[in-house]
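Where a number appears in this text, it was derived from the coordinates with a stated rule and is not lab data. Note that the structure is a prediction, hence the values are computed from the model and not measured. Virtual Cβ from ideal backbone geometry, glycine too; neighbours counted across all protein chains shown.
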Amino acid sequence: MTKMTKHNYLRIIPLGGLSEVGRNMMLLEYQGKILIIDAGFRLPEEDMPGIDYIVPNVSYLKEKQKNILGIIFTHGHYDHIGAVPYLLEKVWQPNFEIFASLLTKGIILKRQEDFSHQPKLDITEVRDGSKVQLGPFRVEFFRQNHNIPDNLGLFIETPVGNILHTSDFKFDSNPVNDLPTNFQKLRNFSKRKVLLIMADSTGAEEEGHSLSEADISKNLDQIFQKATGRIIAATFSSLINRIQQIISLSEKYERKVVVEGYSMKTNVEISKVLGYIKAKKGTIINVKEITNYPDSRITILCTGAQGEGQAVLMRITNREHRFIRLKRSDTVIFSSSVIPGNERTVQIMKDEILRQKTKVFHYKMMDIHAGGHAQREELKELIRIMRPKFFLPIHGQYSMLVSHAELVREMGLPEKNIAIAENGQIINLNQKRIFIERETVPSNYIMVDGLGIGDVGEIVLRDRQMLAKDGMFVVVAIIDKTTGKVKGSPDIISRGFVYLRESKELLRETRKMVISIVNLAVGSGGAVNWSYVKDEIRNKTGQFLFSKTQRRPMILPVVIEV
Ligand SMILES: [Zn+2]
């Protein structure tokens, strides 16, 4: 292929969100000009100690800042907006154009208050029907139902043809605080010819139709009806619809609502101000007022449905919460985790709640990923309406993408018109074909530790995993400058490796080994290479301890000359 023809392809580059649930970020690139869609994070897996969240690798965008046309946000879930502070740190330029709906904008700006050193963001508000021209792209926003209000799909006119990006979505004829799906609008897009559809795959392995938000309310209502004591509902702070349902049901059953958890509080606050959460005056009370009401009049709305260590539900379960302890009469409702690798943490927490004799409803329909995404019947309906020429499944684990592609193939789209891509791959598109380039861009995990934007590299993570698994072992050798020999016996400090008092023999042998390594190095007479000595201590001690214990603690040699 000549350079010229390649130049006329639209390049679609997912930096996150394909082959995983979360961390959604996608680039559309035409003749070097780049449009960014979403910038989200995902939560860490269980074997990533101390990691707060994971963001997309944006190194492809470095040095290309002047070619970035702008960034568009589809909705306010953290797996679509959570990487904003990171993006600001890495590639931001003050002239960047940003587009988001009213609620999405509110959530982004509220979160930016935690990053006060960063530049103020100027976000242009868009809504159903807004149109924006960005370089070669003309973006038309349209309302899509999901489990958060103000979610926007994208109809994008590009030089190669029209592209439809569904955002996360479901078809809902009975939503809460929202209008039902506008099928006429979708049909009108179809009339304008859809070259490519990029559609949410999160629900592609689920048969049938997703529940409407009204059905979810009905199910929740039954739990409320039966509860005699307090209701403790743990959910995601960005699941605005679910929060609204819990508040409305609490009002129906004359319960006061206590909102606990930092992100939950801020999201409720911002959504109330913008009118996306409606609560009667006096419904929401402070946690300190909880004892002014009988248990049957209290709902506690909190974070921690994923089993997150510092979240409210975990603190209540572990008796570490300042005001709330579990009672036998309580009913705990929480959503299941679909983030692979977190199931065990949730299971342990559930068991611990049951041990305290409290009722638990593990209500899957409260889940951010189970309740809000189109399932197979809806996905078929979407294809029937849109009749796209090409198809690219987005948002979901690899199996979900494959399942979605299979469904579309069964509906008659030829296999060569469907691309199953993963993060970092480059999808090329023109009027005639879609294909994935051999070349890729970096898309590995960037791990973020704490509120600071400092990345945690893989080496740091490996160290943490090592410490968590086999502990650490510090050897302190004091060298007498005048003789060059080890003074006395080396000190050994260890944590999480073996119980030192019961390992006297092991320690004695280790000390002997360290002494002989040092004496051998010093004995040669000339200048001593201490970093070599430390490496020797680390390697030999490591091998020795492994041969004795089958464990590999992190070994930290300290050599001090006195
Ligand atoms: Zn979402």
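Across the options Gln144, His373, Ile284, the greatest Cα extent toward the positive end of the charge dipole of the chain (unit charges at beta carbon of Lys, Arg, Asp, Glu) belongs to Ile284. Of the GluC sites (Glu not before Pro) found in region 207-254, the ones in coil according to DSSP and having at most 13 other Cβ atoms within 10 Å of their Cβ are Glu207, Glu254.
For the pair Arg409 and Tyr293, a Förster radius of 56 Å applied to the C-beta separation gives a FRET efficiency near 0.50, rounded to the nearest 0.05.
Rg and Dmax, both from the Cα atoms of region 456-517 and both in Å, are 14.7, 42.
Of the GluC sites (Glu not before Pro) in region 100-176, the ones in a loop by DSSP (not H, G, I, E or B) with at most 10 other beta carbons within 10 Å are Glu113.
Axis of helix 102-112 versus longest Cα principal axis of the chain: the two differ by about 20°, to the nearest ten degrees.
Return a whole-number percent for the relative contact order of region 506-562, with Cα pairs under 8 Å and 6 or more residues apart as the contact set. In percent, rounded to a whole number, it is 33. How large is log10 of I(q)/I(0) for the chain at q = 0.06, 0.07 Å⁻¹ when the intensity is taken from the Debye formula with one equal scatterer per alpha-carbon? Values, matching the q order: -0.39, -0.51. For the chain, the relative contact order is 16 percent, taking Cα pairs closer than 8 Å that sit 6 or more residues apart in sequence and dividing their mean separation by the residue count. Could you calculate the FRET efficiency of Asp491 with Gln550 from 1/(1 + (r/R0)^6), where r is the beta carbon distance between them and R0 is 41 Å, rounded to 0.05? So the FRET efficiency works out to roughly 0.95. Cβ under 10 Å from Ile148's Cβ, Ile148 left aside: what net charge do those residues give with Lys, Arg +1 and Asp, Glu -1? Every neighbour counted, the sum reads -2. Three principal axis extents of region 269-352 based on alpha-carbon atoms, in descending order, are 40, 32, 19 Å. With the simple model of a label 7 Å out from the Cα in the direction of the Cβ, Tyr398 to Trp530 spans 4.8 nm. Compared with the dominant principal axis of the Cα atoms in the chain, helix 376-386 is inclined by about 60°. Size descriptors for region 168-227, from the alpha-carbon set: Rg then Dmax equal 15.5, 52 Å.
Here the gap between Gln133 and Lys469, fully extended at 0.36 nm per residue and compared with their Cα-Cα distance, gives a gain of 115.7 nm.
Cα gyration tensor of region 397-442, axes a ≥ b ≥ c as square roots of the eigenvalues: rounded (a/c below 1.5), prolate (a/b > b/c) or oblate? It is oblate, given that a/c is not under 1.5 and a/b is not larger than b/c. Between Arg344 and Val273, the simple label model (points 7 Å from Cα in the Cβ direction) yields a spacing of 4.2 nm. Candidates Ile223, Val259, His209 compared by Cα position along the dipole of region 191-270: farthest toward the positive end lies Val259, with charges placed on Cβ. Each Lys and Arg Cβ is given +1 and each Asp and Glu Cβ -1; about its Cα centre, the chain then shows a dipole of about 360 debye. Rounded to the nearest 10 degrees, what's the angle between the helix 262-274 long axis and the longest principal axis of the chain, both from Cα atoms, 0 to 90? Taking the Cα atoms of the chain, the angle to 262-274 is about 20 degrees.
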